[in-house]
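K.L.:
To start, I am sharing the structure in question, which I have written as structure tokens.
Each value in this text was obtained by applying a stated rule to the coordinates, not by laboratory testing. Just so we're clear, the structure is a prediction, and the values are computed from it rather than from any experiment. With ideal geometry, Cβ positions are generated from the backbone for all residues, glycine too; neighbour counts draw on all protein chains shown.
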Amino acid sequence: MALKDGCCRLCWRQASLEANSVGGLPRGAVTVLESGRRLAQHQLFFDRMKLRRAEPPVRIHDRRGRPRNPPPAPAVRPAILWTQPRLFDTRPDFTRFDERVHADLANPWLLWAHYLAHRRGETRGWTSRVRCRVHRGLVIVLSQHTAGDTVRYSEMSAALRALDIGTERVAEVLEEMGVLVDDRRPSFEDWLARKLEGLVPGISRDVEAWQQALHNGGPRTRARDRATGNKYMNSVRLALTAWSGRYQHLREVTRDDILVVLAPLHGSQRSITLIALRSLFAFCKRNGTVFRNPTGRIKVGEHGYNVIQPLRPIEVGEAIAAATTPASRLLLALAAVHAARSGAIRALRLDDTDIGNRRLVIAGRIRPLDELTHQILLDWLDYRRTRWPNTANLHLIVNQQTALESGPVSGVWVTKSTPGTGGDTRAATRRPSTRRGPRPGQIGAATGAHQEAVPNTTVDDRPLRQMLALRAGLLSLTARRGAPRRAAPPDSVSLPPAPSSGRATAGSTRLLRCVPTWTPNRRPDFSTLQQGSAVRRSRIARCRSRSAAGHSRLPDARQPHPHRP
């Protein structure tokens, strides 16, 4: 009999039962094993007949859990020999689909869709969760599909959204198959219908045709950006509503009506309203709906340059504190060091970065990579490779949505990724660069080569903080808040206090000398530049006159030369 410390298995089982009944005893203090004690009962058993647990199977896969499903077999579009015409067009109701009853996994259209979804997922880097949901959505939509059937977007949208299945990915596969009918109403139509409410039919008809031409273009006009049409419509809607109470058509609007609308407006609001009215009446006159353009010979006026508002030290600190993710740090570094706009940052691609040669192409221009931007870029690329290892998006900056697609991130995401800056979330990336007039934002050339080395483990905030402080000091030279600014000598320049020690280099001082000064309500003082341009123009005019005079004295090539026989 097998023994353990001189006792059999049943004795140890009895000792464990008694120890648990009295609340547990320390190991070795077992009363049943004491010598001389007699047991009241004892369960007999056959020796070496203890129930043994089966040995686990040998693992034959290189991963835990269930092995991966094999990829679907290559499939092509099912051959269509003949299609039965239908007497009635009955549409399916996908909300009543039962997978246990209606699922037909052997449908050739479904097999083809699974193969296309697998290929698209491999190309776009879909996760396993997205693939499973897309396959389930295809089973719901294509299990009863036959030749000649179509799938409408509005019919499958309600059924798939109820099951938390993304409609966009399923629609991409169906569109590749050629069976999708996108019957969604464009959002532009709903927006335009809301804007035309309250207008008389005569005015509403012309305004609708004008907005359609701006949105879709025409035979000799190109389509404008959606934001342009929205801005034009919002600026003239108040005037159109007022005219609808007095007139029945735009041909009744006179020049005095235009002046009444423009009288209370000032600055950019006046210019935008007048430009929108010019566009509206020019379109109506071109189409023959009005006889005369009432906006003619009304000047827009001189558009003054906006004052670039410098970032205050507290805003610099908030921008640095808010940049906690690799994406936000990269966005802030590209905006502060390289003066890149939001659109240029979103359009950056992986082949625009040359890590080996320390170069970066922004908006078609090659810029050197300083140590700070180089380290932040390496951290972002490492995070991007770890977070989305299978993404096929070639853009440098991606997020959770664009990692499964091929387009850039949205401007709203860029704005939300750079918070701070005193409530203005766009100040860190767009505030210094979207103003008109001379932009002293190209400071990367003067300061990019003077950044401190950054450790490989963590990113130091001091170079970026010094960069933002230098930008704030540079902008404070060009404009003050609400007060005229005179040209100050470079030696008297005082940068805003920074958390770390740092001085402006000689290159940055030379850059500060080249910055022109202006007042908030006047054009920039470019007197020296204008004088130089006038001198160059006069020289070019003299050269052209001399050249023309010299050509006039030359003999005609068709006439024989007087000194030649």
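K.L.:
Apply the Karplus curve 6.51 cos²θ - 1.76 cosθ + 1.60, θ = phi - 60°, to the phi angles in segment 340-355 and return the couplings in whole Hz, x for Gly and Pro.
P.N.:
7, 7, 5, x, 5, 5, 5, 8, 5, 10, 5, 6, 7, 9, 10, 5
K.L.:
For Arg367, which sequence-distant residues (separation of 5 or more, or a different chain) have an amide H within less than 5 Å of its own amide H, given hydrogens modelled in the peptide plane?
P.N.:
When sequence neighbours closer than 5 places are left aside, the close amide H contacts are Leu360, Val361, Ile362.
K.L.:
Please turn the phi angles of segment 318-333 into ³J(HN,Hα) values with the Karplus equation 6.51 cos²θ - 1.76 cosθ + 1.60 (θ = phi - 60°), one per residue in order, whole Hz, x for glycine and proline.
P.N.:
Values per residue, Gly and Pro as x: 5, 5, 5, 5, 7, 7, 9, 9, x, 5, 5, 5, 5, 4, 5, 5 Hz.
K.L.:
Please compute the modelled spin-label separation between Glu176 and Leu350, points set 7 Å along Cα→Cβ, answer in nm with one decimal.
P.N.:
For the pair Leu350/Glu176, the computed spacing is 1.9 nm.
K.L.:
For segment 255-305, what does the alpha-carbon gyration tensor say about shape, rounded, prolate or oblate, given a ≥ b ≥ c as the root eigenvalues, a/c under 1.5 as rounded, and a/b over b/c as prolate?
P.N.:
Since a/c reaches 1.5 and a/b is larger than b/c, the shape of segment 255-305 is classed as prolate.
K.L.:
Evaluate the distance, in nm, between pseudo-label points positioned 7 Å from the Cα of Arg292 and of Cys7 along their respective Cα→Cβ axes.
P.N.:
11.8 nm
K.L.:
So, one more: Quick check on segment 343-407: take the gyration tensor over C-alpha atoms, sort the square-rooted eigenvalues as a ≥ b ≥ c, and tell me if it's rounded (a/c under 1.5), prolate or oblate.
P.N.:
Note, shape of segment 343-407 comes out oblate.
K.L.:
Going by amide H atoms built from the backbone, whose H comes under 5 Å of the H on Ile165, apart from near neighbours?
P.N.:
Amide H neighbours of Ile165: none.
K.L.:
Under the rule of at least 5 residues apart or a separate chain, name every residue whose amide H is placed under 5 Å from the amide H of Arg152.
P.N.:
The answer is Val181.
K.L.:
Could you check the simple spin-label distance between Asn357 and Ala73, using points 7 Å along Cα→Cβ, in nm with one decimal?
P.N.:
With each label placed 7 Å out from Cα toward Cβ, I get 5.0 nm.
K.L.:
What's the ranking of 394-407, 81-94 by average number of surrounding C-beta atoms within 10 Å, highest first?
P.N.:
In descending order of packing, they fall as 394-407, 81-94.
K.L.:
Rounded to a whole number, what is D in µm²/s for segment 94-181 from Stokes-Einstein with the Kirkwood radius over alpha-carbon pairs (4 °C, 1.567 mPa s)?
P.N.:
It diffuses with D of about 101 µm²/s by this estimate.
K.L.:
Is segment 191-271 rounded, prolate or oblate when judged by the Cα gyration tensor, a ≥ b ≥ c being the square roots of its eigenvalues, rounded requiring a/c under 1.5 and prolate requiring a/b larger than b/c?
P.N.:
Oblate is the answer for segment 191-271, as a/c is 1.5 or above yet b/c matches or exceeds a/b.
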